[in-house]
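S.K.: Can you keep this structure in mind? I'll have questions shortly.
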Amino acid sequence: MALSPEHSTAALPMADLHVHQEPTPHLDRVLAQREGRPPYDWAAWRRRLVAEFPPGPERLAQVGTMRPVPLEVDADDELFVARVADVLSEHARSGGSYIEVRCGGDVVLRNGFMELFRRAERQVQVDFPALRAEPLAIVMPGAEPPSELAAKVDGCVRLAGEGLAGVDLMCFPYHSEADWTVAHRLAGRFADAGLGITAHAGELSTANIAAAAATPGLTRIGHGIHAIKDPALVDLLIDQDITLECALSCNVLFGVVQSLAEHPLVRFIDAGVKVTLATDDPVQVGTTIGAEYAAAASLGLTHNQLLGLTRNAIEAAFTTEQRRAELLAEIDAAAVSAAR
Ligand SMILES: [Zn+2]
């Protein structure tokens, strides 16, 4: 039975495997609250974005370009913890219980990164004890100078022992076929270190989906939605058991799909591709994980199908086996109570 969006997502375990850290948008929110001022007006930013930039690559290129506060304030450890806690508490407040946060730049290399991330997690767990969070590093072979890339790679391998959960690979050009040689070589090192591997691909076109799928150790793809245009790519995702991290509102805002109704999420499910829901850049996009599950419900997904998306997420999560077992048990409990 299809339920209304509100009903379907109430008390539904929700997970988000694809959230960017959005450093300055969260720092701005933290500082705005402390200073008693309104935060930056992202709704107005989105209106200008849609009015001024054509859908697709040009609009997508605007992600991260608006910095409401200077990134320098991030150097303060206490503010860093507060802005990570802001990401996690926003997720928990909207009903989420598992989140993976992707950190670009050299953020994972900062002193005590894992300790600070766990401090933020513990802070949010005071109000939301069910919340669990893991950090990922974004690595962009070819887009970072070789010496910085090498330092980043070494840092990720070292941090694997401290709890870094995984790596998100991005290769450029993003909307046409890139050379994945270096990414594949680095992925082997990451996989050997025990890091989970995902990659951004297939957000704007079918380009890079096959190359991403050929990445050693890769089990997930961020977006990958244009695979729906090529049955061979759909088969590849199924054969290799790759989970797609689907960001409905993000895809609609940046115009990589024409509308929510045109989003291939349901077609992937019907074809047997494993999918999950994601907010991607929640502050800039203006969404929450709760809103993403409601959007999926509005596409006709049943409560059980929504629960299946969370199960896919937890099965594909880059977390410890103990946390995975706990989270799967929570999904089982929710399934039983929904059946009553
Ligand atoms: Zn992304």
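S.K.: Which of the residues spanning the range 94-121 are in a helix (DSSP H, G or I) and touching a residue at least 60 places away in the same chain (Cβ under 8 Å)?
M.R.: Hit for the range 94-121 is V107, nothing else.
S.K.: Continuing with this model, one more query. If the requirement is being at pLDDT 95 or above and either buried (at least 22 other Cβ atoms within 10 Å of the Cβ) or polar (S, T, N, Q) (or both), which of these qualifies: A193, A213, A183?
M.R.: Going through A193, A213, A183 in turn, just one is at pLDDT 95 or above and either buried (at least 22 other Cβ atoms within 10 Å of the Cβ) or polar (S, T, N, Q) (or both): A183.
S.K.: Considering each of V50, V124, V81 in turn, give the residue that is touching a helix residue (DSSP H, G or I) at 6+ places or on another chain (Cβ under 7 Å), over 18 Å from R323 (Cβ atoms) and at pLDDT 95 or above.
M.R.: Being touching a helix residue (DSSP H, G or I) at 6+ places or on another chain (Cβ under 7 Å), over 18 Å from R323 (Cβ atoms) and at pLDDT 95 or above holds for just one of V50, V124, V81, which is V81.
S.K.: Another question about this same structure. For the range 261-283, enumerate the residues that are assigned to a helix (DSSP H, G or I) and either farther than 20 Å from E100 by Cα or out of contact with any helix residue (DSSP H, G or I) (no Cβ under 6 Å at 6 or more places or on another chain) (or both).
M.R.: Answer for the range 261-283, where residues must be assigned to a helix (DSSP H, G or I) and either farther than 20 Å from E100 by Cα or out of contact with any helix residue (DSSP H, G or I) (no Cβ under 6 Å at 6 or more places or on another chain) (or both): A261, E262, L265, V266, R267, F268, I269, D270, A271, P282.
S.K.: State which residue pairs qualify: first residue more than 19 Å from D168 (Cβ to Cβ) and inside the range 18-32, second residue charged (D, E, K, R) and outside any helix (DSSP H, G or I) in any location, beta carbons under 6 Å apart, and separation of 6 or more residues or different chains.
M.R.: T24/R67
The values are calculated or read from the model by the stated rules, or taken from the named source; none is laboratory data. Computed from a predicted structure; not experimentally measured. Heads up, the Cβs are rebuilt from the backbone with ideal geometry, glycines too, and the neighbour counts pull from every protein chain shown.
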